[in-house]
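S.K.: Right, I'll just put the structure down here and ask away after.
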Amino acid sequence: MSNKLPIDPLIKLRQRKSTKWREYEKDVLPLPVAEMDYSIAEPIIEAVSEMMRRSDTGYLGKFPELGEAFAGFAMRRWNWQIEPESIRIATDVGVATIEILRTLGSAGDRVVVMPPVYPAFYNWVKEIHFPMVEAVLEKDGVSYSIDFAALEREFSAGAKFFIISNPHNPLGMLFSASELKKIASLAEKYNVTILSDEIHAPLTYSEATFTPFASVSDEAKERVITLTSASKSWNLAGLKCSIFFTESKELHDKLEPLVKGIRHRASLIGAAGHVAAFSQSDEWLDDAIATMEASHRLLHSLVREQWPNVKLSNPQNSYLSWIDFSQTKLGEDPAAEILEKARVALSSGIPFGSGGKNHARLNFATSDELLAEAIARITPWL
Ligand SMILES: Cc1ncc(COP(=O)(O)O)c(C=O)c1O
């Protein structure tokens with residue numbers, strides 16, 4: 001039986017030093033960046049504290065416990081068998097993505113994404129000056145689906161890489177094995193390498209099923225590099241650690257040159273925290289999922305009552321709601337208007353790429369009280 005997780009009162013949350021709590025003026029309710037307000041899992045607090053107590057605060061070197069912990073997690077939660085030795089450590093998913101592209105690609109290689117999608121994908125690729133192209137998701141009311149024709153058009157035009165948020169941020173959408181198989185076949189046909197960012201996967205709702213991309217077919221095994229971290233699901237972004245791996249021997253070998261350097265730039269304390277997350281914190285995770293499912297139900301009922309002209313996504317994963325404000329008077333960038341008028345911070349939809357205008361993203365990993373207050377503050381401006 002899962003329980004709702006405890007959340008500190010606002011006055012205590014405001015003492016946090018993370019970006020969510022430092023970015024805005026004191027009268028703003030912050031519901032943007034993907035951090036959770038929940039108190040974190042006890043085994044992680046213990047593991048990190050133990051490192052500090054032992055003055056074990058040096059550089060990160062070999063850390064086989066992390067590969068074993070994640071392989072154990074993947075087997076328990078998704079019945080997915082991974083070789084622990086194939087798992088490599090990086091600073092975070094962003095750094096891993098950038099360095100993988102830099103190692104495998106060269107100037108001019110095109111990278112495909114499916115917007116509206118996590119804005120940092122654009123920033124990461126821009127950082128290394130690779131061109132980006134979009135295969136925009138098809139929208140039907142509040143549902144979205146893959147536009148396979150658009151994807152094939154970009155793959156056949158010579159794209160070298162495809163980055164997918166699996167599950168999808170901001171939609172909280174899960175892709176089916178057959179959809180992923182179809183993408184893998186196209187990638188095989190046109191020689192595209194897939195980076196599957198599975199950072200939100202542990203937060204899949206109790207009635208839904210997450211499918212690891214690399215698990216769907218032999219073609220996927222040969223094409224996919226999986227990237228993940230405990231940073232979203234256990235709220236450890238400040239600990240700076242992530243992992244990446246591939247079942248393709250060829251890709252694994254090609255990535256060898258970056259392995260030592262990238263691991264050295266991750267955090268030893270972060271690695272210890274990640275081991276505790278992946279191996280000892282399932283119960284907390286189940287409670288986190290139950291808490292976000294309840295918050296999402298609350299959000300839906302508040303919006304139904306107070307925002308009749310607004311549409312919400314139907315996530316099956318994580319704590320993000322993609323909100324369509326196009327029938328309101330808020331204009332192309334509703335988050336900017338809402339911040340100014342209602343003093344609530346949401347993420348602007350515009351950096352999410354095509355399909356982002358008139359939308360905003362709300363983070364509902366917060367207390368019922370803050371959620372209700374945020375909705376009430378925004379209501380008069382719609
Ligand atoms: C899909 C996705 N990937 C990556 C990240 C960030 O990961 P990291 O901090 O490990 O770079 C986020 C954060 O919100 C995310 O939503």
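S.K.: Do you know which residues across segment 135-145 are surrounded by 12 or more Cβ atoms within 10 Å (Cβ to Cβ) and over 15 Å from PHE162 (Cα atoms)? Lay out the reasoning, then the answer.
M.R.: Within segment 135-145, the subset surrounded by 12 or more Cβ atoms within 10 Å (Cβ to Cβ) is 135-139, 142-145.
Hits for segment 135-145 are GLU138, LYS139, VAL142, SER143, TYR144, SER145.
S.K.: State which residue pairs qualify: first residue touching a residue at least 24 places away in the same chain (Cβ under 8 Å) and under 19 Å from THR204 (Cα atoms) and inside segment 76-94, second residue more than 16 Å from the ligand (Cβ to nearest atom) and open to solvent by 50 Å² or more (accessible area, probe 1.4 Å) in any location, beta carbons under 8 Å apart, and separation of 6 or more residues or different chains.
M.R.: TRP78/SER215; TRP80/SER215
S.K.: Filter segment 9-20 down to residues that are over 24 Å from ALA272 (Cβ atoms) and open to solvent by 10 Å² or more (accessible area, probe 1.4 Å), then give me how many there are.
M.R.: Of the residues in that region, 6 qualify.
S.K.: Scanning segment 305-341 for residues that are in a loop (DSSP other than H, G, I, E, B) and aliphatic (A, V, I, L, M), which turns out farthest from GLU373 (Cα to Cα)? Break it down stepwise before answering.
M.R.: Filtering segment 305-341 down to residues in a loop (DSSP other than H, G, I, E, B) leaves 307-310, 313-316, 318-319, 325-333.
If we keep only those that are aliphatic (A, V, I, L, M) as well, we get 310, 330.
Working: VAL310: 17, LEU330: 19 Å.
Going through the qualifying residues, I end up with LEU330.
S.K.: Out of the residues in segment 342-362 that are without any contact (Cβ under 8 Å) to a residue 60 or more places away in the chain and within 19 Å of ASN123 (Cβ to Cβ), which is most open to solvent (accessible area, probe 1.4 Å)? Before the answer, list the steps.
M.R.: Within segment 342-362, the subset without any contact (Cβ under 8 Å) to a residue 60 or more places away in the chain is 342, 348, 350, 357-358, 360.
Narrowing further to those that are within 19 Å of ASN123 (Cβ to Cβ): 348, 350, 357, 360.
Working: SER348: 28, ILE350: 78, LYS357: 115, ALA360: 0 Å².
Per the criteria, the residue is LYS357.
S.K.: Also, quick follow-up: Take residues that are within 21 Å of ALA230 (Cα to Cα) and within 23 Å of the chain's Cα centre (by Cα) and tell me which of the helices (runs of 4 or more DSSP H) falling wholly in segment 1-120 contain 2 or more. Show your work before the answer.
M.R.: Details: elements: 10-13, 19-22, 42-53, 64-78, 93-104.
Per the criteria, 19-22, 42-53, 64-78, 93-104.
S.K.: Please tell me if ILE7 is in contact (Cβ under 8 Å) with a residue 40 or more places away in the chain, among the β-branched types (Val, Ile, Thr) and closer than 30 Å to ALA69 by Cβ. Can you show your working first?
M.R.: Working: in contact (Cβ under 8 Å) with a residue 40 or more places away in the chain: yes; among the β-branched types (Val, Ile, Thr): yes; closer than 30 Å to ALA69 by Cβ: yes.
The answer is yes for ILE7.
S.K.: Hey, does segment 304-321 have a residue that's surrounded by 22 or more Cβ atoms within 10 Å (Cβ to Cβ) and under 18 Å from ALA376 (Cα atoms)?
M.R.: Yes.
S.K.: Can you tell me which residue in segment 218-236 is most open to solvent (accessible area, probe 1.4 Å), limited to those that are of a type in the set (S, T, N, Q) and either within 11 Å of the ligand (Cβ to nearest atom) or not in a strand (DSSP E or B) (or both)? Before you say what the answer is, go through the steps one by one.
M.R.: Within segment 218-236, the first condition is being of a type in the set (S, T, N, Q), and the residues that meet it are 226, 228-229, 231, 233, 235.
If we keep only those that are either within 11 Å of the ligand (Cβ to nearest atom) or not in a strand (DSSP E or B) (or both) too, we end up with 228-229, 231, 233, 235.
On the way: THR228: 4, SER229: 1, SER231: 16, SER233: 0, ASN235: 34 Å².
That would be ASN235.
S.K.: Take GLU127 and tell me if it is more than 19 Å from the chain's Cα centre (by Cα) and within 16 Å of the ligand (Cβ to nearest atom).
M.R.: Details: more than 19 Å from the chain's Cα centre (by Cα): yes; within 16 Å of the ligand (Cβ to nearest atom): yes.
Yes: the conditions hold for GLU127.
S.K.: Which ones in segment 267-303 are in a loop (DSSP other than H, G, I, E, B) and open to solvent by 10 Å² or more (accessible area, probe 1.4 Å)? Let's see the steps before the verdict.
M.R.: First, the residues of segment 267-303 that are in a loop (DSSP other than H, G, I, E, B): 267, 281.
Within segment 267-303, SER267 is the sole residue that qualifies.
S.K.: It is to be established whether one or more residues within segment 148-156 are in contact with a His (Cβ under 8 Å, 6 or more places away or on another chain) and surrounded by 14 or more Cβ atoms within 10 Å (Cβ to Cβ).
M.R.: Start the filter on segment 148-156 by keeping residues that are in contact with a His (Cβ under 8 Å, 6 or more places away or on another chain), which leaves none.
No, every residue in segment 148-156 fails to be in contact with a His (Cβ under 8 Å, 6 or more places away or on another chain) and surrounded by 14 or more Cβ atoms within 10 Å (Cβ to Cβ).
S.K.: Within the bounds of segment 227-239, is there any residue that is under 20 Å from TRP80 (Cα atoms), in contact with an Asp or Glu (Cβ under 6 Å, 6 or more places away or on another chain), of a type outside the set (A, V, I, L, M, F, W, C) and at pLDDT 95 or above?
M.R.: yes
S.K.: Output the number of residues of segment 178-217 satisfying the condition of being over 28 Å from LEU362 (Cβ atoms), among the small types (Gly, Ala, Ser) and open to solvent by 40 Å² or more (accessible area, probe 1.4 Å).
M.R.: So in segment 178-217, the residues over 28 Å from LEU362 (Cβ atoms) come out as 178, 181-194, 214-217.
Next, from what is left, pick out any that are among the small types (Gly, Ala, Ser): 178, 184-185, 187, 214-215, 217.
Right, trim to open to solvent by 40 Å² or more (accessible area, probe 1.4 Å) and you get 178, 185, 215.
Qualifying residue count for the region: 3.
S.K.: In segment 116-134, what residues are closer than 18 Å to VAL192 by Cβ, in contact (Cβ under 8 Å) with a residue 60 or more places away in the chain and surrounded by fewer than 22 Cβ atoms within 10 Å (Cβ to Cβ)?
M.R.: Correct list: GLU134 only.
The values are calculated or read from the model by the stated rules, or taken from the named source; none is laboratory data. These figures come from a predicted structure and were not determined experimentally. Methodologically, a virtual Cβ is constructed for each residue, glycine included, from the backbone with ideal geometry; neighbour enumeration extends over all protein chains shown. Please note that ligands, DNA and RNA were not included when accessible areas were found on the heavy atoms of the full protein model with its side chains. Shrake-Rupley method; radii C 1.70, N 1.55, O 1.52, S 1.80 Å.
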